[in-house]
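In what follows, a single structure is set out as structure tokens and then discussed.
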Amino acid sequence: MEEGDHITNEIIQAIKGSRVHIIILSPQFLGSRYCVEEVFEIIEAHKADVTYHQRRLGITVFYDVQRTPQINETQFDLSKQSRSLKDKWEVWLEALERISDFKYFKYDSKTTFQWETLQEIVAEVLTFLNVHNIRSNDCTNIRISRQRGLHDVFICHCVQNTQHNVVSVLRGMLHSRGIGCFVVGYAGESEYVSEVEKLIENSKVHVIFLSPEFTGSKQCLDEVVQIMRKYSSSSTPDTFLKSNIIPIFYDVEPTVIRYQQEGSASDLRNAQEITQQEREDWSRALQCLCQLKGALYNTSTTFQWETLYDICKRVEYLVMDVASRNDDIVSKTLYKEKISQVSRILRSQKAQEVSLIGVYGRTKSQFADVLVQAFRSHFEAVYPVYNVLEKVRDPRGLSNLVKKVRKFLVQRSEWDESCWQLLESKKCLVVIDDLGNNIEQIRKFLQEVQKNLKNGSLLVMASEFRHMLEDFRLDEFIDLSLDDRRGIVNICYGERTDILQQFLNHLEETFYMLGLDVRLLDKVDVESNSARLQDAAVLLCILSENFRISDFQSIFSNAPIPLKTIYVSYGSYPMDESTSNTNFNLEVNFDKSELDKWEFRSMINKVVQSLNGHEKIMEATDFPVGLAQRVKEIERLILEEIETSSERSVRCFGFVGMGGVGKTTLAMSVYNKLHRKFEKSCFNLNTSATVANDSLGLVAVQKNILANLLDRYNDEQVHDEVHGKALLSSRLMGISALIVLDDVDESQQMHALYDPLRSSLGPNSVVIITSRNKRILEWTAKVKIFDVTVLDKEMSERLFYWHAFMKPTPPPELEEIAGSVIGACEGLPLSLKVMGSHLYQKTDLTYWKESLLRLERSENKISEVLKISYDGLGSDAKEAFLDICCFLIGEEEGMASMILEACYGIGLSLLAELSGRCLISANADDDGKGRRIRMHDQIRDMGRDIIRKSIRNRAWDKETANNILQDKKARSSLRGLSITSHIRFPKGASHCIWLPELRILVVEEEEGKTHEKGLCPRDFFKNVDCGRLRWLRWRSAPFKKLPLGCLSTHIRLLDLSGGSEIRELPMDMLTNLRALDVSGCRKLKGLRPSIGRLTNLTYLNLSERDDITFLPQEMTRLSCLQQLIMNHCTSLKVLSFLPTSLQTLEFKMRSDKPEEEARLQSVNGPLPNLRKLILTHCPRLQRLHLEATSLRHLDLSGCGGVKELDFEGFSSLEHLNLDLCSSLTTLDFLPSTLHTMSLSMDVNQCGSLQSVNVQDSLPSLQELIIRWCPKLEIIQLDALSMKRLFLEGCSGLKELD
């Protein structure tokens, strides 16, 4: 809250805006009027939402209070309430009675384990958020997987004082960070009590809670003596070495424990039945313990979480094995053999020779860095050259780069004749990385550099394209592609009778779909393979009644357990043993519950990330039944075709079958499995739909292929389809690629896409095409066609059961009717999936029979299946589904949600419902930063068919638009219209003056298209009233003012981007706007004060607006604005008058166009809610004057004018990017919350940084990258959690602490 805000109002607003309410009901609860009034407001919020049981969650925690059917005044003491408030008691009582209906938890402060109970509450909340698709992307569980012994930490404590509260929480915090710990007497650890002495000896850290009753426990005192002996010097028993002991003084002063004064609670003379020797040992151990640095904990004043968090971080540091985290050592070990190859070349060189080495593979840049570090001392000058193709592209780029290399090698600012001799006498190492795919330009550069290098110099060329290296005469070719392989997912379990085979099948098929090989091992297999499994990249261990953690770990008694071991609990056997590894408590028990799809998916993602990193994979389906068998066969045939054929040409494979049979899913799985065998890959999803819906048509697909295969080397503009064919033919020459063209249905698409690929791609490249039209593929020479058929009975049953019951088997009472439904679906995967999702959680046998009868009566089974699912939707969900069919396929998920919310009041809930019924999906963008709405084309066609034949209230192309607009009755019900600007409306439309139901209007301007004669959209909407319009998108609009017909006060989203001719906006008419995009609309001439009237705006895009020179003060009135995008606004000098509600601010400039240099000099203002700030390539920016206490992500890369930074106002900063901030000289303060920081300079423009000397602790810093800062002398940081420190080109470094 801001100063001056009314507390009560803020609390009420927070209650109304929350989806989850947690009420902790304690004995003193009713003693607070504020608490009771908050309960009343919570109940009112639930009442106000008609469907609150679906959209809100209420949880009551009965804290030291008994739960009875009703809460009344006899349970609580009302004497504390004033007389004036007792008349409100009945209203309060009703509210209190309502909360007894909430989900509840009992909490007894004396017997309840605090951490475990909190985990249950959090799990309940996360389940609710996930099910309703309202969980924030920021809410991610971070688990650190670090292999340690069974118990890294031993916790010594007095059970009755601390076990259920602080010990429970500290134990849970350590486990969540992957640190195993042992607590005597804790649930599940009683079996180790007899081994306490051994556990103390083997533990790395010892935490001791010294409470008032501690010295009254003989067991605790004996444990302290054993712990202190572990660290004592053998020569001087009373002297203790530097130890990993952390004493915590819990409600007791250290002096009381240390001196054990007579009559105090710690007076050891009160102890009975002990020997004098024991008393002396205890006393000496306690005295020495109290001399160690520990922590004070006062239950009356200490904040539990903050204090235990600090202790947890200290423990984590002590446990951490720093050596295992040294990236440099790991890298050199990984490339040991390859480094030896280079050493042999250097030893065999003649004095006057220059050797040329080629490095090939995906990890070539990493190897190049290792190479420079390994051999830097062997050479007099070292110069790495990156992005060569980009640098030589300009007319004088080649000569400029050659001059720069020469000057650097001889360390001269100017070149003269003496430099030639100096260069030839030097022994130089030049590394050329990122060669691109233009052989002629690279050849010229290489010749110029190579001809002046002598005296045993070494020239290294690193490329991801083999043909680029094979064209040169290399002295050595280093192939890294063989080292670039993923590991195998090893799935270990006890006995086959313990685990349902269908569950193992589901695991294996899911991983295989994502491109990973799987090895299933029972206990006997694990025992025989334990040595080999130590090198396993990921090991998934399924725990069951007969196979517990201790059983698994005993197999590795003489060897370390694989680093990445993930535990999954199967059956009703809780994972209550201590482990330092990542675990997923799935509790798979199909007799009692369904599969937890969210937790299962989280576990799968964890494994995939461990093996693939951030590599892009195609998301196919949740239940890939029968997919592995098909993929294995196709993979074998494709590889066999490549390896055995005498021809080295491009290979084409076609997947042909009816709609919904699974061609795309199969192609995705094959792509995931094979794409790493090629240099580049591209999956073009829904080719026909892209051609039909994108204004660029086939050009959009051609651009996508070029972008994926050429990556940053692609700078070509594709003018038209013919030009695109030419570029595909010329720019992709020699590249080994895997390309999937999904859903190709016209010969024109084959000619524009496959023909140029066939003539340009490198030998043994593969193109996979999916299509329903076999004839199109048969026209193509040398194509091998795979017929994709329906599933057999067994596979059909498995797929349907997973979707209908979330189990591999049906309940007995529905087994017979389920079999009939499966038979009616005729093995078609899309039908089985959609029908199963439709019947999910339906237990009424009559409902099943009616659905089956309707399906059996239909001639077109797939169409009827989809129609049944559609009919089962609510009214708003039906309308949203039809909107998506016509207008929102391919739309960004967040924008689609806003559009639906504008039309129906809710957005995310509708998307979640449609996704749950398998009617839509959301796939990641190519850049992985967003998700876009997808829909199977048959589902799309079904929705559009409903509109054509019955509803007739939406138009998505010229044909449907003409059909509806010429019909007066149809016009009156038109809800959405998507057209191109050049089409001519029918004559009947000229009489139209009103479209009363129109909510969505999308008009696409097509460049180069001649406008047809007659009534065009621009003229039509001048006079047609669209009073209920919610979303208007008219990019590159040709008008100066919005047409009168489009001026609706109900508009929520307005998109005029792309260089529209618009000159003014009627802000008075647009006060309900939530999103406004006027990027590229330079003729608006600045930003006027009237912008302040858009007080409901949450998203504003002003990019590409060099007409904006300042932001008006009225911007501060935009109290709802969360996201502001101002990329390439070159004329803006000051960013100020920003609304305090802002969460994301982007101001990116182009680094490759100096003529568009940003003029931005400062950013000012308090931004308390800002979470992400991107200000890149702003060379005139010198300082930030911001108070942004919520900022998490700050990117200032390319801001070369920044000389100093004040982080005092950034108390939550986690990620900091200062790349290319070349004027920065010192960093003496960083926020303690920082996780990652990068300071990478250009080798050609080294940084001015001299010191990184931060005195304050950085407990969260995990990664620090500093490159090419030769003036840097000191790095002094207190960063106990550091995992990765990467230093390169810091030749002046003298002190590293």
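Amide H contacts under 5 Å for Phe683: Val740, restricted to partners 5 or more places along the chain or on a different chain, H placed in the peptide plane at 1.01 Å from N.
Listed highest first by mean packing, meaning other Cβ atoms within 10 Å per residue, what order do 540-553, 1224-1237 come in? Please list the in-between numbers first.
Values: 540-553: 19.8, 1224-1237: 18.0.
Per-residue Cβ counts within 10 Å, averaged per peptide and sorted highest first, yield 540-553, 1224-1237.
Kindly provide the helix-only [θ] at 222 nm of the chain, computed as the sum of -39,500 (n - 2.57) over DSSP H runs of four or more divided by all residues, to the nearest 500 deg cm²/dmol?
Roughly -10000 deg cm²/dmol at 222 nm, from the helical runs in the chain.
Share of carbon and sulfur in the accessible area of the chain stands at 46%, probe radius 1.4 Å. Alpha carbon centre of segment 948-981 versus segment 821-871: separation in Å? With segment 948-981 and segment 821-871 each reduced to a Cα centre, they are spaced 30 Å. Distance between the C-alpha centres of segment 764-789 and segment 1211-1258: 54 Å, rounded to the whole angstrom. Equivalent-ellipsoid semi-axes for segment 641-752 (Cα gyration tensor, √(5λ), whole Å, largest first): 22, 20, 13.
FRET efficiency for Ser759 and Ile951, Cβ-Cβ distance as r, R0 = 51 Å, nearest 0.05? The pair Ser759/Ile951 has a calculated efficiency of 0.60. For segment 1195-1242, a simple Cβ point-charge model (Lys and Arg +1, Asp and Glu -1, everything else neutral) yields a dipole of about 40 debye relative to the Cα centre. Remark: the Cα gyration tensor places segment 1153-1279 in the oblate category, a/c being 1.5 or greater and a/b not exceeding b/c. Normalised per residue, the accessible area of segment 1043-1129 is 37 Å², obtained with a 1.4 Å probe and no contribution from ligands, DNA or RNA. Counting pairs of alpha carbon atoms under 8 Å apart in space and at least six apart in sequence, what relative contact order in percent does the chain give? Computed over the chain, the figure is 5 percent.
3J(HN,Hα) along segment 619-626, derived from phi through the Karplus expression 6.51 cos²θ - 1.76 cosθ + 1.60 where θ = phi - 60°, amounts to 7, 9, 7, 6, 10, x, 5, x Hz, with x in place of Gly and Pro. Annotation note: GluC sites (Glu not before Pro) in segment 601-676 located in DSSP loop regions with a Cβ neighbour count of at most 11 within 10 Å are Glu647. Scoring 759-772, 681-694, 23-36 by mean Cβ neighbours within 10 Å over their residues and listing the highest first yields 759-772, 681-694, 23-36.
Ranked highest first by average number of other Cβ atoms within 10 Å, how do 1106-1116, 621-631 line up? Write out the running numbers ahead of the final one.
Details: 1106-1116: 16.5, 621-631: 21.5.
Result, highest mean Cβ count within 10 Å first: 621-631, 1106-1116.
Just report the Cα centroid separation between segment 395-442 and segment 635-657, whole Å. Centre-to-centre distance over Cα atoms comes out at 44 Å.
When the chain is described by a simple charge dipole with +1 on each Lys and Arg Cβ and -1 on each Asp and Glu Cβ, the residue from Gln119, Tyr512, His206 located farthest towards its positive end is Tyr512. For segment 1014-1161, the square roots of the Cα gyration tensor eigenvalues, ordered a ≥ b ≥ c, give a/c of at least 1.5 with a/b no greater than b/c, which places it in the oblate category.
Overall dimensions of the chain, expressed as equivalent-ellipsoid semi-axes from the Cα gyration tensor (√(5λ), whole Å, largest first), are 51, 45, 36. The phi-based Karplus calculation (6.51 cos²θ - 1.76 cosθ + 1.60; θ = phi - 60°) puts the 3J(HN,Hα) values of segment 10-22 at 5, 5, 4, 5, 5, 5, 5, x, 8, 8, 10, 10, 10 Hz, whole numbers, x for Gly and Pro. Each DSSP beta bridge with both residues in the chain is either parallel or antiparallel, and the antiparallel ones are about 5%. Based on Cα atoms of segment 1184-1255, Rg over Rh with Rh as the Kirkwood radius reads 0.95. Assuming a ≥ b ≥ c are the square roots of the Cα gyration tensor eigenvalues, decide whether segment 402-500 counts as rounded (a/c under 1.5), prolate (otherwise, with a/b larger than b/c) or oblate. Taking the square roots of the gyration eigenvalues as a ≥ b ≥ c, segment 402-500 is prolate. Amide hydrogen proximity for Phe1110: with H placed 1.01 Å from N in the peptide plane, the residues at 5 or more positions away or on another chain lying under 5 Å are Leu1087. Here Lys336 is the anchor, and the lysines within straight C-alpha reach of less than 18 Å, apart from those fewer than 8 places off in the same chain, are Lys364.
Where the eigenvalues come from the Cα gyration tensor of segment 775-847, what are the semi-axes √(5λ) of the equivalent ellipsoid, largest first, in whole Å?
33, 11, 10
May I ask you to give the solvent-accessible area per residue for segment 1145-1215, in square angstrom, as obtained with a 1.4 angstrom probe? For segment 1145-1215, the per-residue accessible area is 44 Å². With 27 Å as the limit on Cα-Cα distance, the pairs of Lys404/Lys426; Lys426/Lys1271; Lys878/Lys968; Lys1083/Lys1148; Lys16/Lys833 that go past it are Lys16/Lys833. Surface analysis of segment 848-1006 yields an accessible area of 42 Å² per residue, using protein heavy atoms and a 1.4 Å probe.
Based on Cα atoms of segment 1060-1138, Rg over Rh with Rh as the Kirkwood radius reads 0.92.
Under the convention that each Lys and Arg Cβ holds +1 and each Asp and Glu Cβ holds -1, the size of the dipole of the chain around its Cα centre is about 3840 debye. Proximity of backbone amide H atoms, modeled 1.01 Å from N, is registered between Cys652 and Val767, Lys784 at under 5 Å, excluding neighbours fewer than 5 places apart on the same chain.
The values are calculated or read from the model by the stated rules, or taken from the named source; none is laboratory data. Being a predicted model, the structure only gives us computed values, none of them experimental. Reconstructed Cβ throughout: ideal geometry from the backbone, glycine too, with neighbour counts over all protein chains shown. Ligands, DNA and RNA are excluded from the accessible area calculation, which covers all protein heavy atoms including side chains. Shrake-Rupley method; radii C 1.70, N 1.55, O 1.52, S 1.80 Å.
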